[in-house]
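**Q** Quick one: this structure, given as structure tokens, is what I'll be asking you about.
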Amino acid sequence: MNGGTHVAKRKSDVGTLYKGSPGQWSWIAHRITGVAVVLFLFVHIVDTAIIGWGPEAYDRVASVYQNWFVRLLELGLVAAVLYHALNGLKIMLFDFWPKTTRYMKQLSLLSTGIFLAAMIPITWIIGKATLELVGWL
Amino acid sequence: MAARTEERVESQAPPSRGLLGTRGSRERPAGGFEMWAWLFMRISGIVLLFLAVGHVLIMHVVDEGIDRVDFGFVAVRWSDPLWLTWDWAMLTLALVHGINGLRVVVQDYVRPAGARFAVNMFFYTLGFILFVLGTVVVFTFDPSRWPGAA
């Protein structure tokens, strides 16, 4: 039985890698941002393909962005791509250098920190363009 | 004896179900298709880190962002083999990366085998059609068909 306990401890060490906070939350965020980006990608390939029908058709598609709500979606898209990329980098770090999982909490805080720091100027830029669009700036 | 103990320990472990129905961590695949899929996600992920993040920042953030993107902008861009290669590589890698990601998500939420097969086939077919569409557009686009527009 002692042997069993020992094995169980070892197994649970492996099992907790993506289980519980903060790994659990980043796992959920990774999944949501991934699905959101791939759904956008499906639409985006079609809207880009419209360029084959000439300038009138394509510029009509591009003018979809002249709408404040679409601008918010645009900000969300940039955030989703950036989060997914940074968190993916963190996952690879843990996968290829398992010793770094000892600093999982710190590295999670670091990657989230980089993401949030990058989102400050990005939100400023897209936010400013959005406010100009609706005439508040 | 050790193996049997391990087996029993494993079956005793209660299946954890967190948010979004997570069932704990996946074992890292040790071989076969799943291992190559696992490796592909990481390699394409590194490449997409540059291609997709770069694309999003160039098109949506820097230098007036999306406001400057129109037919003329794309026409100038796609006259450069660098951007053609960039965009086609991104199209291909993002589609395979995204659809394999969907396959993993479907594995978690679509349990009946028939429905899972149907959903996966839908995404594979959609992905293939979009790959062909994107490839044709990237490599056949000729702005000189609309003189004066670019």
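The values are calculated or read from the model by the stated rules, or taken from the named source; none is laboratory data. Only a predicted model underlies this, so the values are computations on that prediction, with no experimental measurement involved. Cβ: placed from backbone, ideal geometry, glycine included. Neighbour counts: every protein chain shown. Note: areas computed on protein heavy atoms with side chains; ligands, DNA, RNA excluded. Shrake-Rupley method; radii C 1.70, N 1.55, O 1.52, S 1.80 Å.
**Q** Kindly provide the Kirkwood hydrodynamic radius of region B:41-93 in Å, to one decimal, from all pairs of distinct alpha carbon atoms.
**A** Over region B:41-93, the inverse of the mean reciprocal pair distance is 11.8 Å.
**Q** Where the centre of each part is set by its Cα atoms, how far does region B:103-138 sit from region A:40-96, in angstrom?
**A** Cα centroid of region B:103-138 versus Cα centroid of region A:40-96: 19 Å apart.
**Q** What are the semi-axes of the equivalent ellipsoid for region B:37-142, taken as the square roots of 5 times the Cα gyration tensor eigenvalues, largest first, in whole Å?
**A** Values: eigenvalues 187, 50, 32 Å².
Equivalent ellipsoid of region B:37-142: 31, 16, 13 Å, largest first.
**Q** May I ask for the accessible area buried between chains A and B, both sides summed, probe 1.4 Å, to the nearest 100 Å²?
**A** Protein heavy atoms only, the A-B interface buries about 4200 Å².
**Q** Short version: what are the Cα gyration tensor semi-axes of region A:78-137, square root of 5 times each eigenvalue, largest first, in whole Å?
**A** Taking √(5λ) for each Cα gyration eigenvalue gives 34, 10, 5 Å.
**Q** Near B:Asn100, within a Cβ-to-Cβ distance under 12 Å, what is the net charge of the other residues, with Lys and Arg +1 and Asp and Glu -1?
**A** Summing Lys/Arg as +1 and Asp/Glu as -1 gives +1.
**Q** Across peptide B:93-102, how many C-beta atoms of other chains are within 10 Å of each residue C-beta, on average?
**A** So the per-residue partner count for this stretch is 4.
**Q** Mind checking B:41-54 for the average number of partner chain beta-carbons within 10 Å of each residue's beta-carbon? Could you put the intermediate results ahead of the total?
**A** Values: counts 4, 5, 1, 0, 6, 4, 0, 5, 7, 1, 0, 6, 7, 0.
The shielding value for this peptide is 3.
**Q** Let me ask something else about it. Carbon and sulfur: what percent of region B:37-142's accessible surface (1.4 Å probe)?
**A** 78
**Q** Putting +1 on Lys and Arg Cβ atoms and -1 on Asp and Glu Cβ atoms, find which of B:Ile99, B:Gly134, B:Met59 reaches farthest to the positive end of the dipole of region B:37-142.
**A** Working it through, the farthest residue towards the positive pole turns out to be B:Ile99.
**Q** Where the only charges are on Cβ atoms (+1 Lys, Arg; -1 Asp, Glu), what is the dipole of region B:37-142 about its Cα centre, to the nearest 20 debye?
**A** The dipole of region B:37-142 has a size of about 660 debye.
**Q** Additional query: If you plug each phi of region A:66-75 into the Karplus form 6.51 cos²θ - 1.76 cosθ + 1.60 with θ = phi - 60°, what whole-Hz ³J(HN,Hα) values come out, in order, with x for Gly and Pro?
**A** 7, 8, 4, 5, 5, 5, 5, 4, 4, 4
**Q** Using a probe radius of 1.4 Å on heavy atoms only, what accessible surface per residue do you get for region B:37-142? Whole Å² is fine.
**A** Details: 5170 Å² over 106 residues.
It amounts to 49 Å² per residue over region B:37-142.
**Q** Moving to a separate point now. Using θ = phi - 60° and the Karplus form 6.51 cos²θ - 1.76 cosθ + 1.60, what ³J(HN,Hα) does each residue of region A:125-131 get, whole Hz, x for Gly and Pro?
**A** Working through the residues one at a time gives 5, 6, x, 4, 4, 5, 5 Hz.
**Q** Here's a follow-up. Calculate one ³J(HN,Hα) per residue across region A:33-48 by plugging θ = phi - 60° into the Karplus curve 6.51 cos²θ - 1.76 cosθ + 1.60, and present them in order as whole Hz with x for glycine and proline.
**A** 5, x, 5, 4, 5, 5, 5, 4, 4, 4, 5, 5, 5, 5, 5, 5
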